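Here's the structure, in structure tokens; my notes come after.
The values are calculated or read from the model by the stated rules, or taken from the named source; none is laboratory data. Note that the coordinates shown come from a computational prediction; the quantities given were computed from them, not determined experimentally. Positions of Cβ are generated from backbone atoms using ideal geometry, with glycine treated the same way; all protein chains shown enter the neighbour counts.
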Amino acid sequence: MLLEVRRLLTRSSLLASVFLVVACANDRTVPATSSGTFTALHLAKTDIDRVAEAQQREIFVNLKRLTEKLYRRNPRELKKSRQPSLAAGVSRIFEGRHDWKFVELGGARDTHAIQLAFRDDYPGDRVLAFAAGVASMIQTAFNNKTEFFILDDLDAQALYNAARNVEIAVWKLSTNRTGQGQLFLLSNEAAGSVQNLSYEREFGKIIGNLDVLSKIVADKNNRTIVKVVQSLATAVFLPIK
């Protein structure tokens, strides 16, 4: 009897430790790079949790790369944020505990921040508005978590809607123009004999990761995703939560 009590106490202590670490693990704005080292956290993860984390990390690698490319093509936007370097501008967006709310954006995040990047009357850093908007919208689809555990549930529909919203954001990036007829932000270069579609490829990876994960989550929960077909020219952003 005494041995059984000790086993129960040991098991309870282990579970308490795991959930304490879990509570601390999600106190981040963006996902951390995987170290590949086994820790107590792995005891509270399923295979799907690990897949979700891997997909999320890859998405944010692509987003950071895209933000750097956008700043390189639109240096005037970096000057608006008064950052000392391109690296500092990108770091400001993807590091720190800002909850994706920036003073220049008036606290707007998700699709509301994306829309700021394409307003004629917005005087601030449009790359910041676009990148922080896309990133925070995707984070909302991930339940604002950066690590996932047995008791966490992702919403397949939210992930699917996030993928469609990225498609709409890319369309706006490529087509929306100022009152003077200029693109709000330069991205893909279609002029000349050689086309630079590197932005499109990076966004394609993000969309693909979100779609794959939404299908995995839907299959796991035996749910059906409501698929939406819109014309990009007239499309509106889909709700995430």
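Kindly establish whether residue 28 is at pLDDT below 80, more than 19 Å from residue 202 (Cα to Cα) and not in a helix (DSSP H, G or I). So residue 28 passes the test. Just one of the listed residues (77, 53) is surrounded by 15 or more Cβ atoms within 10 Å (Cβ to Cβ), closer than 19 Å to residue 138 by Cα and either of a type outside the set (S, T, N, Q) or in contact (Cβ under 8 Å) with a residue 60 or more places away in the chain (or both), namely 53. Residues of region 176-200 that are out of contact with any helix residue (DSSP H, G or I) (no Cβ under 9 Å at 6 or more places or on another chain), surrounded by 11 or more Cβ atoms within 10 Å (Cβ to Cβ) and at pLDDT below 95: 195, 196, 197. Could you check how many residues of region 118-133 are farther than 11 Å from residue 104 by Cα and surrounded by fewer than 24 Cβ atoms within 10 Å (Cβ to Cβ)? Qualifying residue count for the region: 4. Of the residues making up region 221-232, those that are in a loop (DSSP other than H, G, I, E, B) and on the phi < 0 side of the Ramachandran plot are 223, 224, 225, 226, 227, 228, 229, 230, 231, 232. Within region 83-109, the only residue that satisfies the criterion of being modelled with pLDDT under 95, assigned to a helix (DSSP H, G or I) and touching a Gly at 6+ places or on another chain (Cβ under 9 Å) is 104. When residue 188 is tested against (1) within 19 Å of residue 140 (Cα to Cα); (2) in contact with a strand residue (DSSP E or B) (Cβ under 7 Å, 6 or more places away or on another chain), just one condition goes unmet, and that condition is (1). For region 209-219, a tally of residues being loosely packed, with under 15 Cβ neighbours inside 10 Å and not hydrophobic (A, V, I, L, M, F, W, C) returns 2. Just one residue in the set 218, 235 is touching a helix residue (DSSP H, G or I) at 6+ places or on another chain (Cβ under 6 Å), in a loop (DSSP other than H, G, I, E, B) and among the small types (Gly, Ala, Ser); that residue is 235.
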